[in-house]
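Notes follow once the structure below has been shown.
Since every read-out is calculated from the coordinates, none of them should be taken as a lab result. Remember, it's a predicted structure, so these values are computed and weren't measured experimentally.
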């Protein structure tokens with residue numbers, strides 16, 4: 001069974017990436033920077049693995065990305081195994 005991540009959880013993870021308290025503003029900033037490379041995030045539900053792959057493609061530190069995903073979704077995702 002595939003696990004999904006909601007658009008809202010994506011926004012909350014992006015908010016943590018920017019160490020912000022504004023999920024919508026952080027998502028807009030993130031998409032402005034990375035959408036040409038990975039597409040827009042935080043707009044529709046995605047498979048968790050696909051979301052993880054997109055985040056990895058940004059070049060951000062996988063340790064922190066895994067931690068933020070776990071904090072928001074409660075799910076462990078090993079990005080290095082993707």
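What's the extension gain from residue 19 to residue 43 if we count 0.36 nm per residue and subtract their Cα-Cα distance? Intermediate values should be presented prior to the final figure.
Details: separation 24, 0.36 × 24 = 8.64 nm, distance 1.99 nm.
Once the chain is fully extended between residue 19 and residue 43, it gains 6.6 nm.
If I stretch the segment between residue 2 and residue 64 completely, what's the gain in nm (0.36 nm per residue apart, minus their alpha carbon distance), one decimal? Walk me through the intermediate numbers first.
Working: separation 62, 0.36 × 62 = 22.32 nm, distance 2.28 nm.
Value of the extension gain: 20.0 nm.
Under a GNM of the chain (C-alpha, springs under 10 Å), which listed residue has the highest mean-square fluctuation: 61, 36, 50?
36
Using only Cα atoms, what Kirkwood radius does the chain have, in angstroms?
Kirkwood hydrodynamic radius for the chain: 12.4 Å.
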